[in-house]
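Below: the structure, in structure tokens.
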Amino acid sequence: MINPKDNDLADLNKVLKVENLTINDYEEICKRLKRKPNRTELGMFGVMWSEHCCYRNSKPLLSEFPTKGKNILVGPGENAGVIDVGNNQKLVFKIESHNHPSAIEPFQGAATGVGGILRDIFTMGARPIAVLNSLRFGNLDKTSNVDLLRGVVSGIAHYGNCVGVPTVGGEIDFDDSYSGNPLVNVMALGLLETNEIVCSGAKEVGSPVLYVGNTTGRDGVGGASFASSELTTTSLDDRPAVQVGDPFVEKSLIEACLDAFKTGDVIAAQDMGAAGLTCSSAEMAANGNLGISIDLDLVPSREDNMSSYQYLLSESQERMLFVVKQEKINFLIEKFNKWGLNANVIGEVIESNEVIISHKGKIVARVPTSALSDDTPVNFHNVIKNPPDYLLKKWEWKENSLPEINEQKIFSLKENKTFSYSQIILQLLSNPSIASKRWIYKQYDSQVQANTVFKPGESDAAVIRLREQTEKDKNKVFSGVAASVDCNSRWVSLDPFRGTIAAVAESARNVSCVGAEPVAITNNLNFCSPENEIGYWQLSSSCKGISEACKALETPVTGGNVSLYNESKNKDHKITPINPTPVIGMVGKMANVEQAINSEWKNIDDQIWLIGSYKSEITIAASSYLEYFHGKITGRPPKIDLLDEKFCQSFLRNAILKSFVVSSHDISDGGLAIALAECCISSVKGANIELDNDLNREDNLLFAEGGSRIIFSIDKMKEKEWLNYLKNSQINSQSSVYIKKIGNVSSETLKITIQDKNICNIRVEELTEKFNNSISDYF
């Protein structure tokens with residue numbers, strides 16, 4: 001079947017390598033076509049059969065996710081998920097990655113990551129209302145990582161600020177595993193403005209196919225294949241595979257598309273993202289169980305002498321493909337021209353299930369739609385039955401292997417000297433992964449559209465007021481949504497199953513901490529090569545963790561993104577995989593956005609309380625304290641009891657809605673001491689904390705993680721009502737959940753005592769200085 005001497009396919013192996021295809025793939029393509037593919041068709045298969053487009057390695061795992069629920073309107077399979085948030089309003093949301101492009105061209109890679117996810121949102125008929133991001137970089141002691149961080153943040157800020165969508169929250173972590181392969185995951189939310197959700201399936205044979213938006217150039221050719229391969233020392237040669245974005249064109253495209261969708265004259269819509277015109281045309285046809293015919297001579301181009309291969313694989317930004325009503329075509333073209341955008345009929349819907357492409361008067365590609373879209377290859381991998389030996393050895397780690405505490409001082413295994421607890425708290429606060437990210441979020445416009453309730457850094461989750469663009473009633477009670485992106489990649493690397501459960505639980509906990517009810521998730525699965533048996537085991541275990549947590553917390557999966565081959569190869573061919581990083585984007589709803597709270601203490605003498613679970617483990621193992629203070633990345637992450645987790649969150653939300661709780665903050669990186677310090681810093685108030693020594697070590701009490709724990713403050717004017725509420729609440733019947741007062745808000749100092757022993761006494765100004773200036777000092 002294979003004939004390497006064919007003129008069009010000379011040196012077959014070399015061509016297949018360019019397209020990221022195998023010999024087996026080529027034979028399957030020949031079987032599907034019942035002939036040999038030409039060079040253009042081979043390029044189409046290369047992008048559509050990539051992991052980035054067809055999830056060929058992860059599809060069997062993704063199929064196990066829970067995807068249905070009472071609030072779910074659209075689940076996986078469309079451009080984005082859609083949920084019902086009440087008041088006849090619908091929220092559209094999704095997360096996507098732009099990892100490899102950002103590694104070699106950080107500014108444009110990150111900028112176009114924002115642009116791409118925004119198009120997924122407004123393609124459904126929703127106005128984008130918020131952006132969040134989840135970022136990973138190597139440690140900042142390397143200049144190359146500082147440069148990558150600067151470029152990525154600038155790219156996100158440039159695109160988001162110019163297009164007029166607020167960047168309202170996110171997370172960032174630093175670890176050496178990301179030095180050659182940073183992660184740039186962007187989540188977007190939108191409020192549906194159309195009466196009907198706009199879907200992507202083509203309908204009505206003979207309907208025109210309308211190309212709208214920017215022109216097509218050679219930028220981004222082969223981007224999907226590039227995103228599905230490892231990064232090497234020669235990856236800089238792939239800069240042409242990185243797209244170039246124009247946020248001002250995107251802004252016009254948002255307004256023009258929403259205007260067009262409201263007419264009801266657009267039958268189907270698809271963003272030209274990964275794999276460009278190839279993917280958008282094939283998916284529209286397949287989703288409608290029809291075919292599509294495209295004439296490339298009608299595609300608006302910005303460069304001369306482009307080949308059919310380049311037209312079809314270009315990932316030039318700010319482009320969309322519509323199927324529209326025949327009688328409304330001129331009307332729609334005028335709408336887009338009014339916004340200074342191209343609008344050209346480039347084809348039509350056909351009855352046969354084929355994608356037919358013509359160029360210069362000749363048919364240059366003819367491929368069954370199923371072969372490109374819904375019947376793509378699946379790679380099955382054997383999952384190792386037991387955790388790898390190196391992890392089993394790490395799980396044996398015990399807290400008694402740490403140095404003994406002597407007169408409230410402890411010896412650091414990393415620094416080889418002793419530190420007081422106050423010094424440890426300040427050291428942890430200044431670690432870039434824990435420290436304030438204000439240097440980053442100060443570059444983002446978080447207030448545009450005037451619906452952002454809390455600025456970044458003020459609350460555990462972003463809160464957005466759901467207000468229509470035309471709403472003028474200032475006295476109206478507005479509903480809201482909360483959103484959070486989370487993943488403790490250290491925990492996932494040490495136990496993918498437990499670590500991913502914790503990521504789902506923490507994202508839900510953050511949403512609950514502002515008073516919103518968690519509803520659904522989108523996820524971005526960032527992993528190394530699936531051909532690596534440990535890498536695939538990590539992915540498989542993580543997916544099981546998502547399924548278990550989402551079922552227990554009743555937060556179905558509405559879609560997301562899989563990004564594999566996140567690893568770097570140096571000049572000696574040594575491969576460094578990233579820490580497995582399944583980022584969870586959680587959204588929640590609340591009936592009255594004015595009831596939302598943040599993490600800042602409110603009043604001097606307000607009581608500070610702690611809620612948690614006896615069944616959810618609390619341990620120093622796998623903690624930030626163990627890594628950043630002792631230099632050890634070891635131990636097994638704590639197990640979370642999901643039923644108790646759900647109860648704690650529900651109890652807190654109810655107490656917030658009854659106006660007892662006026663601030664709340666989950667306990668995560670750095671443990672209880674760091675959570676308390678963060679509340680003091682954000683509010684510029686202190687706290688007097690008295691703890692019982694109910695754990696075996698003082699450092700465990702201060703810095704251990706886990707336990708489904710949340711700290712919150714109670715309005716001092718409602719103490720009696722609060723105690724009565726507690727007495728009559730369901731918490732008394734939940735023996736595995738505890739709730740206790742641990743202190744009160746003070747004026748200037750964080751003071752912690754354990755069994756009447758003064759453990760730390762740090763002025764808020766000192767906490768703030770360490771916390772706020774850590775990252776900015778690198779610049």
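Going residue by residue through segment 376-385, is there one that turns out to be open to solvent by less than 20 Å² (accessible area, probe 1.4 Å), β-branched (Val, Ile, Thr) and modelled with pLDDT under 95? Looking for residues that are open to solvent by less than 20 Å² (accessible area, probe 1.4 Å), β-branched (Val, Ile, Thr) and modelled with pLDDT under 95, one finds at least one in segment 376-385, hence yes.
Within segment 573-580, is even one residue open to solvent by 10 Å² or more (accessible area, probe 1.4 Å), out of contact with any His (no Cβ under 6 Å at 6 or more places or on another chain) and either closer than 30 Å to Glu748 by Cβ or among the hydrophobic types (A, V, I, L, M, F, W, C) (or both)? Checked against the condition, which is being open to solvent by 10 Å² or more (accessible area, probe 1.4 Å), out of contact with any His (no Cβ under 6 Å at 6 or more places or on another chain) and either closer than 30 Å to Glu748 by Cβ or among the hydrophobic types (A, V, I, L, M, F, W, C) (or both), segment 573-580 yields at least one hit. Among residues of segment 310-334 that are free of Cβ contacts under 8 Å to residues at least 12 places away in the same chain, those with a Cβ under 9 angstrom from a residue that is surrounded by fewer than 24 Cβ atoms within 10 Å (Cβ to Cβ) and outside any helix (DSSP H, G or I), sequence gap 6+ or separate chain, pair up as Glu327/Asp265.
Restricting Ile597, Ile604 to those that are more than 23 Å from Pro456 (Cα to Cα), aliphatic (A, V, I, L, M) and assigned to a loop (DSSP other than H, G, I, E, B) reduces the list to Ile604. Quick check, is Ser682 open to solvent by 10 Å² or more (accessible area, probe 1.4 Å) and either small (Gly, Ala, Ser) or on the phi > 0 side of the Ramachandran plot (or both)? So Ser682 passes the test.
The set of residues in segment 418-438 that are open to solvent by less than 10 Å² (accessible area, probe 1.4 Å) and either among the aromatic types (Phe, Trp, Tyr) or more than 23 Å from the chain's Cα centre (by Cα) (or both) comprises Tyr421, Ile424, Ile425, Leu428, Leu429.
Residue count for segment 445-470 under the criterion of being assigned to a loop (DSSP other than H, G, I, E, B), open to solvent by 20 Å² or more (accessible area, probe 1.4 Å) and in contact with a Gly (Cβ under 6 Å, 6 or more places away or on another chain): the result is 1.
Considering only residues of segment 418-433 that are touching a Gly at 6+ places or on another chain (Cβ under 9 Å) and part of a helix (DSSP H, G or I), which is farthest from Thr749 (Cα to Cα)? If we take residues in segment 418-433 being touching a Gly at 6+ places or on another chain (Cβ under 9 Å) and part of a helix (DSSP H, G or I), then Leu428 is farthest from Thr749 (Cα to Cα). Within segment 416-439, the set of residues being out of contact with any strand residue (DSSP E or B) (no Cβ under 9 Å at 6 or more places or on another chain) and touching a residue at least 12 places away in the same chain (Cβ under 8 Å) comprises Leu428, Leu429, Ser430, Ile434, Ala435, Ser436, Arg438, Trp439. Scan segment 117-143 for residues that are in a loop (DSSP other than H, G, I, E, B), surrounded by 24 or more Cβ atoms within 10 Å (Cβ to Cβ) and not hydroxyl-bearing (Ser, Thr, Tyr) and the total you get is 2. Being surrounded by fewer than 14 Cβ atoms within 10 Å (Cβ to Cβ), part of a loop (DSSP other than H, G, I, E, B) and over 35 Å from the mean Cα position of the chain (by Cα) is a property that Glu415 lacks. Suppose the filter is of a type in the set (A, V, I, L, M, F, W, C) and in a helix (DSSP H, G or I); does Leu695 pass it? No: the conditions fail for Leu695.
Here Val114, Val82, Val168, Val146 are screened, and the one residue that is in contact with a helix residue (DSSP H, G or I) (Cβ under 6 Å, 6 or more places away or on another chain), buried (at least 24 other Cβ atoms within 10 Å of the Cβ) and either more than 30 Å from Asp669 (Cα to Cα) or not polar (S, T, N, Q) (or both) is Val114.
Within segment 631-644, residues that are assigned to a helix (DSSP H, G or I) and at pLDDT 95 or above reach partners that are open to solvent by 50 Å² or more (accessible area, probe 1.4 Å) and not β-branched (Val, Ile, Thr) with beta carbons closer than 7 Å, at six or more positions or on different chains, in the pairs Asp644/Lys615. Restricting segment 596-620 to residues that are more than 17 Å from Lys716 (Cα to Cα) and of a type in the set (Gly, Ala, Ser), which is surrounded by the fewest Cβ atoms within 10 Å (Cβ to Cβ)? The selected residue is Ala596.
Somewhere in segment 39-53, is a residue more than 30 Å from Thr558 (Cα to Cα), part of a loop (DSSP other than H, G, I, E, B) and open to solvent by 40 Å² or more (accessible area, probe 1.4 Å)? There is no residue in segment 39-53 that is more than 30 Å from Thr558 (Cα to Cα), part of a loop (DSSP other than H, G, I, E, B) and open to solvent by 40 Å² or more (accessible area, probe 1.4 Å). The set of residues in segment 373-428 that are more than 30 Å from Ser774 (Cα to Cα) and in contact with a Ser or Thr (Cβ under 7 Å, 6 or more places away or on another chain) comprises Val383, Lys394, Trp397.
The values are calculated or read from the model by the stated rules, or taken from the named source; none is laboratory data. Here the structure is a predicted model, which means the values were calculated and not measured. Cβ sites come from the backbone with ideal geometry, for glycine too, and all protein chains shown count toward neighbours. For accessibility, only protein heavy atoms count, side chains too; no ligands or nucleic acids. Shrake-Rupley method; radii C 1.70, N 1.55, O 1.52, S 1.80 Å.
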